[in-house]
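Written out below as structure tokens is the structure these notes cover.
The values are calculated or read from the model by the stated rules, or taken from the named source; none is laboratory data. On a predicted model such as this, the values are computed, not experimentally measured, just so you know. Methodologically, a virtual Cβ is constructed for each residue, glycine included, from the backbone with ideal geometry; neighbour enumeration extends over all protein chains shown. Side chains are part of the model used for accessible areas, which takes the heavy atoms of the whole protein and leaves out ligands, DNA and RNA. Shrake-Rupley method; radii C 1.70, N 1.55, O 1.52, S 1.80 Å.
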Amino acid sequence: MSTNRILPPSAKITRAEYEAIPALSYSGMKELARSPAHYQSWLTDKKEETKALRIGKAVHCAFLQPDIWAKTYKAIPECDRRTKEGKEVHAAFMASLKPGDTALAFDEYELATEVAQAAERISDAKVVRTGAWVECPLVGADKRTPLKGIPDLIDAEGWIYDLKTTDDASERAALRTILSYGYHLQAAHYIRLAHQHRNDIRGFRLIMVEKDAPHEGAIYEIAGDLLELGVKETDRAYSLFDSCTASGDWPGYGPSVIRLDALPGAKPKSAGLSF
């Protein structure tokens, strides 16, 4: 199998251009699952960077793009900025930063490094990196629904990988986390989207790494009934997006009584998948 993959045209667009594309992403689907009104609010709300998001971005860069990580991420020296000496050390560091550099608190930099190294250890010999697509923007459509997404990595063998940090990467906790955060939707969405650019897509896998030492983790493939559930839920999201777009109406939860009768974690029987 050749490892020289031709990237799709969308791989050349900037992040700002990607964000401006009026298409449904996995992040958008999560908001749409709450209600169409939440989705519309999410589109226009200013995204504030939290500590968790900042560390997450750093971990992804360190693992997926180590060259960029080494060149652009800098650890702020540990110093007591209440003292004259500490203020001078901090000021000298800030003055040394170049355009494009990202400064992280020392503990954040250390944590990102350790988690990325753990992800590298966990994925060693499982991810074929030569010829892989790394954070490559993908744009496509499902019937009438415009789609977009940026998988963390699609390796040369056709496996889609996404890196997740978690509190507990054990098998039982992983299934609970996947259902809670909708990673099965992400799997179905990315597989469907990637199939429109490559005919060798084999499936979707999560590299899950614990945030606390010793940063253990595992690789979980979302397949079978779990993937089928993701397919059905993404189909519902696509249909809702289409109907709201056509009508121009993006409702909230609604005034009617909502009946709850399904048990948590209920999954459909296995069925053939088509993308």
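Here's the yes/no breakdown for (1) in contact with a Ser or Thr (Cβ under 7 Å, 6 or more places away or on another chain); (2) assigned to a helix (DSSP H, G or I); (3) modelled with pLDDT of 95 or more:
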site	(1), (2), (3)
Asp168	no, no, yes
Arg172	no, yes, no
Tyr190	no, yes, yes
Tyr238	yes, yes, yes
Asp242	yes, yes, yes
Tyr253	yes, no, no
Ala266	no, no, no
Lys269	no, no, no
Leu273	no, no, no
Out of all the residues in segment 28-60, which are free of Cβ contacts under 8 Å to residues at least 12 places away in the same chain, in a helix (DSSP H, G or I) and under 19 Å from the mean Cα position of the chain (by Cα)? Glu31, Arg34, Ala52, Leu53, Lys57
Within segment 98-116, residues being open to solvent by 30 Å² or more (accessible area, probe 1.4 Å) and touching a strand residue (DSSP E or B) at 6+ places or on another chain (Cβ under 6 Å) number 6
Can you work out which of the residues in segment 161-183 that are within 12 Å of the chain's Cα centre (by Cα) and either over 22 Å from Ala125 (Cβ atoms) or among the β-branched types (Val, Ile, Thr) (or both) is surrounded by the fewest Cβ atoms within 10 Å (Cβ to Cβ)? Tyr181
So Cys79 passes all but one of these: (1) farther than 17 Å from Glu114 by Cβ; (2) assigned to a helix (DSSP H, G or I). Which condition number does it fail? (2)
With the checklist (1) assigned to a loop (DSSP other than H, G, I, E, B); (2) farther than 30 Å from Ala118 by Cβ; (3) in contact (Cβ under 8 Å) with a residue 12 or more places away in the chain; (4) aliphatic (A, V, I, L, M) in hand, flag the one item Leu7 doesn't pass. (2)
Scope segment 40-53; condition under 30 Å from Ala103 (Cα atoms) and surrounded by fewer than 15 Cβ atoms within 10 Å (Cβ to Cβ); matching residues: Leu43, Thr44, Asp45, Lys46, Lys47, Glu48, Glu49, Thr50, Lys51, Ala52, Leu53
Cβ-Cβ under 6 Å pairs, at least 6 apart or on other chains, segment 95-110 side assigned to a strand (DSSP E or B), far side of a type in the set (Phe, Trp, Tyr) and open to solvent by less than 60 Å² (accessible area, probe 1.4 Å): Thr102/Tyr73
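Considering segment 17-27 alone, what residues qualify as being open to solvent by less than 20 Å² (accessible area, probe 1.4 Å) and part of a helix (DSSP H, G or I)?
So in segment 17-27, the residues open to solvent by less than 20 Å² (accessible area, probe 1.4 Å) come out as 18, 23-26.
Those that are open to solvent by less than 20 Å² (accessible area, probe 1.4 Å) and part of a helix (DSSP H, G or I): Tyr18, Tyr26.
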Hey, Arg202 in contact with a Phe, Trp or Tyr (Cβ under 7 Å, 6 or more places away or on another chain), within 30 Å of Ala132 (Cα to Cα), open to solvent by 60 Å² or more (accessible area, probe 1.4 Å) and modelled with pLDDT of 95 or more or not: yes
Just for segment 208-238: of the residues that are small (Gly, Ala, Ser) and touching a residue at least 40 places away in the same chain (Cβ under 8 Å), which one is surrounded by the fewest Cβ atoms within 10 Å (Cβ to Cβ)? Ala213
Filter result (of a type in the set (D, E, K, R) and more than 19 Å from the chain's Cα centre (by Cα)) within segment 191-247: Arg198, Asp200, Asp212, Glu216, Asp225, Glu228, Lys232, Asp235, Arg236, Asp242
Only one of (1) in contact with an Asp or Glu (Cβ under 7 Å, 6 or more places away or on another chain); (2) open to solvent by 30 Å² or more (accessible area, probe 1.4 Å); (3) farther than 23 Å from Val209 by Cα is not met by Asp80, so which one is it? (1)
Mind telling me which of the residues Ala37, Ala119, Ala75 ends up being open to solvent by less than 80 Å² (accessible area, probe 1.4 Å) and under 30 Å from Tyr238 (Cα atoms)? Ala37
